[in-house]
Amino acid sequence: MPNTNDPTPPLKSPLGGTESKAVVLRFLVVGGLAVALTALLILLFQNSPEETESAADTATANAPAVDSDLIVREDSHRLDDVPSSPVTFVEFLDFECEACGAVYPAVEELREEYEGEMTFVIRYFPLDGHPNSRQAAHAVEAAARQGELEGMYRLMFETQEEWSHNEEPQDEVFRGFAEELGLDVERWEADYFSDDVAQRVQSDFEDAVALGLQGTPSFFVNDEFIAPETLTDLTDPIDEALSSDQ
């Protein structure tokens, strides 16, 4: 039965829990590689309705103090795991965040372009103000326990417009995703409503807050926090880390 006494209710980030706004992502695929025609990942951390800073100024002012032990945990989810790689790319994300949905195609292009060359880690950072973001993270975590982390991760972003920003609980929608993925639905549902899954998501959330992250998506390349304005802001540190290992 659903646990109506969730021990980990949505928390407000003390830093404001803002959502990064991303616009315009277009790519041309040539020879199997993604070439950016337009890559304006303009991150506008909105401190108040009356005050909006430039992306560059905000990135400088809000760059978190990095504690590498908080960026990736031993149990962090790796969609791509390349133990021999010198590069670990980390995204703290919120499945209901429009900016995360907007950059999802770009992130998938990066994964394809650097396949076999870097480890890609996702961390849950469900923000207050998104009514179903925490439950979406629970749905993904429950699927991960049956080996379908990536399947549920993809479904969340590919269907985001259909279920997001709805004040009504989306439990049945997420249950349908579990059915679509061929999961043991009773087991998935038990995990989805479990305290263990809630705590697993909460642990990621607490790491994000401890790192000083102010919104989603938030990216790290190894221990370096990246506030991208263009696609090359992501690829340059990846390429640099790869070349330094040669």
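Derivation of every value follows stated rules applied to the coordinates shown; laboratory data play no part. Small disclaimer: the values here were computed from a predicted structure and weren't measured. Reconstructed Cβ throughout: ideal geometry from the backbone, glycine too, with neighbour counts over all protein chains shown.
Per-residue 3J(HN,Hα) values for the stretch 98-106, derived from phi via the Karplus relation 6.51 cos²θ - 1.76 cosθ + 1.60 with θ = phi - 60°, read 5, 5, 4, x, 5, 8, 3, x, 5 Hz in sequence order (x marks Gly and Pro). Applying 1/(1 + (r/R0)^6) with r as the Cβ-Cβ distance of E113 and N166 and R0 = 30 angstrom yields a FRET efficiency of 0.30.
Once both labels are positioned 7 Å from their Cα atoms along Cα-to-Cβ, the gap between E229 and S194 label points is 4.6 nm.
Sorted by packing (mean other beta-carbon atoms within 10 Å per residue), highest first, where do 210-220, 190-200 land? Each step should come with its number before you reach the end.
On the way: 210-220: 23.3, 190-200: 18.0.
So the peptides 210-220, 190-200, ranked by packing, come out 210-220, 190-200.
Take the Kirkwood radius over Cα pairs of the stretch 192-246, plug it into Stokes-Einstein at 37 °C and 0.692 mPa s, and you get 244 µm²/s for translational diffusion.
Give a quick list of GluC sites (Glu not before Pro) in the stretch 145-246 that DSSP marks as loop, anything other than H, G, I, E or B, with at most 12 other Cβ atoms within 10 Å.
Answer in residue order: E167.
Our estimate of slack between D245 and D128, defined as 0.36 nm per intervening residue step minus the Cα-Cα distance, is 38.1 nm.
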